[in-house]
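One structure below.
Bear in mind these aren't lab numbers, they're just calculated from the coordinates by the rules spelled out. Fair warning: this is a prediction, and the values are worked out from it, not measured in the lab. Backbone-built Cβ (ideal geometry, glycine too); neighbour counts: all protein chains shown.
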Amino acid sequence: MNLPVIIKFVIDLLAVLLLALGIKGLSKVKSARDANRLAAFAMSLSVVGLLSYYLGTSGIAIQSWIWIIIGSILGSLFGSILAKKVPMTSMPETVALFNGCGGMSSLLVALGVAIFPISNSVENLDFFKSLINEVSISVSIFVGAITFTGSIVAMAKLQGWLSTPGWTQSKVRHFVNIVFAVASLIAFFDLINGNTSSIWLLVIVSSLLGIGVTLPIGGADMPVVISLLNSYSGIAAAAAGFVVDSQLLIVAGAMVGAAGLILTQVMCKGMNRSLVSVLFGGSLSAQSTASSGSGEYTNITSCSVEECALTLEAANKVIIVPGYGLAVAQAQHTLREVTKKLEQNGIEVVYAIHPVAGRMPGHMNVLLAEADVPYEQLKEMDVVNPDFPATDVVLVLGANDVVNPQAKNDSSSPLYGMPVLDVQEARTVFVIKRGMSAGYSGIKNDLFDLPNTSMVFGDAKKVLNDLIGELKDLGVGEK
Amino acid sequence: MSFISLLWVLLLGSLLGLELIGKVPPTLHTPLMSGANAISGITMLAALTLIVKAEGNVPLLIIGSVSLGFALFNVVGGFFVTDRMLAMFSRKPSNKK
């Protein structure tokens, strides 16, 4: 072993270690920020390791430097601009976009090697080696393409640019996707047989497969899909590692792939969904329209913002249940103003965060943190549930299925078994909602019929703004 | 590296990944996903290798460069956006009285 090889070996080893520590640290609140920086440092270290290895061995041509600099500057520039500019509410689609580009990168590397075999790999290609080479190129293209188109579709759906087309909810979609999958398999075998041109067929059908698989999946399942696609982009990177013979790439890709799978599993559990039903079940509302619980509401009480303000003023303890609707209305800052007023009046305010509140697990925490809500006021579901009986007022803001008592009481309900917040135990519940439309599951919410529940109809942001006005008139928080 | 040892690397890397995140508080799901996503941009190393080994082949240089751009978009953007999210959690303790 000569010196460049040893240096690269040591740097790679260090980078892997730091990346592992980074992922580990990201799963704890205290260490998360440092861990993220550590991982970023490890990535830059790995680049230094690679470049110094080539400088010490084959050298790097001026021409290569030019293209390296062009690619790096453009990629980093756009990446950092987007990361700085994007609003916190659009976080899920941003992650999807970044992820798709990672998949695209792996795809392009494999495509480049397939069309123009790089010098090293041509020299000593026996049959076995060329087979491995072709298999890893195919896997990298296949997974990379699915990651790219799947992520782009997910992003477009989250942004509202793309809705779920009707035909994708019928059984036809399974047939279409099977055709794409079989076609990819045919292209794969054709490629191994030495027919290089079938690589384009592989690119096209795996891209279509990515679209076909993601398109039927409904809004609230999107985070699970993004997490799964994130795992795929790790697998694509590992496959690219086989293509260019890099252990570091294989380790890092495999780590992200496996960690992504675990995270996907954790998310599914929080939503009481299995991965299989997310991927193949279509959107939940389509299945459950005919099932139980879609009955009419019989005992709805609606009330004005003024009544709501009066009740809040008299309360000692208030629990806020924020949900998807709050994120959509971008009302987190207005909510914070309301709670500030209540706190100034000596009222105890706590936020109950369901594991899948917002548009992604943990997304609500980010949004509330952005609005300066103290971290200690955010309570997780298991911690806050025993508190509801001792609570005077619960404000449900744009949440629906996560406060449906059916999940606990009605074993015939499709929601049965999903962990929910027991808001009905509180003395008074106000549900701020646009109208009587069902939540994501399409199921009637028994909470709305209960005598201690009052509906305040209107857009979350507007209602909260009116609430601030009413509280002002009552002299709350004016001290 | 022989193919078999690369397979070992793949296996051990996967096992490590499975073990790394056992318990994650829901608060961190989004940042963790975003951070892991940035790491998956490690494929930038493959793009770099492609460019270095292109030996003046212009189409290959261009493919490599575009690939590197996509990967760095993923890496740089991913780490920045994760940091932005995490900054909101960590500034909390200093804000309270």
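What FRET efficiency would be calculated for the residue pair A:N316, A:D372, taking the C-beta separation as r and a Förster radius of 22 Å, to the nearest 0.05?
0.40
Counting only C-alpha contacts under 8 Å and six or more residues apart, can you give the relative contact order of the range B:26-86 as a whole percent?
50
Within a 10 angstrom radius of each residue's Cβ in A:34-43, how many Cβ atoms of other chains show up on average? Whole number is fine.
6
Which aspartates and glutamates have a Cα lying under 12 Å from the Cα of A:K129, excluding residues fewer than 8 positions away in the same chain?
Within the straight-line cut-off, A:K129 pairs with A:D245.
Determine, from the Cβ-Cβ distance of A:I66 and A:T164 and an R0 of 35 Å, the FRET efficiency 1/(1 + (r/R0)^6), rounded to the nearest 0.05.
The formula returns an efficiency of 0.20 here.
Given R₀ = 51 Å, FRET efficiency for A:I73-A:N452 by Cβ-Cβ distance, to 0.05?
After rounding to 0.05, the efficiency reads 0.25.
As a test, work out the antiparallel percent of DSSP beta bridges whose residues both lie in the protein assembly as shown, rounded to the nearest 5.
Just about 0 percent of them are antiparallel.
Please average, across the residues of A:132-141, the number of beta carbons from any other chain that are within 10 Å of each residue's own beta carbon, and give a whole number.
Taking the mean over all residues of the peptide, I get 1.
Per residue of chain A, what 222 nm ellipticity follows from adding -39500 (n - 2.57) for every DSSP H run with n ≥ 4, rounded to the nearest 500?
Using -39500 (n - 2.57) per qualifying helix, the result is -20000 deg cm²/dmol.
Using only the alpha carbons, work out the radius of gyration and Dmax of the range B:8-97 in angstrom.
Both quantities, over Cα of the range B:8-97: 18.0, 62 Å.
On average, how many beta carbons from a partner chain sit within 10 Å of the beta carbon of a residue in A:48-56?
Mean number of neighbouring Cβ atoms from other chains: 2.
What ranking, highest mean first, results for peptides A:381-389, A:209-217, A:140-148, A:327-335 when packing means the other Cβ atoms within 10 Å averaged over each residue?
Top of the packing list down: A:140-148, A:209-217, A:327-335, A:381-389.
So for A:S184, A:S151, fewest C-beta neighbours within 10 Å to most, what's the order?
Placing the least packed residue first, the sequence is A:S184, A:S151.
Packing-wise, with mean Cβ within 10 Å as the measure, how do A:296-303, A:11-18, B:38-45, A:131-138 rank, highest first?
Going by the mean number of other Cβ atoms within 10 Å, highest first, we get B:38-45, A:131-138, A:11-18, A:296-303.
Full-extension gain between A:D382 and A:D410, please, as 0.36 nm times their residue separation minus the C-alpha to C-alpha distance.
Taking A:D382 through A:D410 to full extension adds about 8.0 nm, to one decimal.
What is the distance, in nm, between label points placed 7 Å from the Cα along the Cα-to-Cβ direction at A:Y297 and at A:L45?
According to this spin-label approximation, the distance is 5.7 nm.
Can you tell me how much longer the chain between A:V182 and A:L13 gets when fully stretched, taken as 0.36 nm per residue apart minus their C-alpha distance, in nm with one decimal?
56.9 nm
Using only the Cα atoms of chain A, build the gyration tensor, take square roots of its eigenvalues as a ≥ b ≥ c, and label the shape rounded, prolate or oblate: rounded if a/c is under 1.5, else prolate if a/b is larger than b/c, else oblate.
Cα axes put chain A in the prolate bin.
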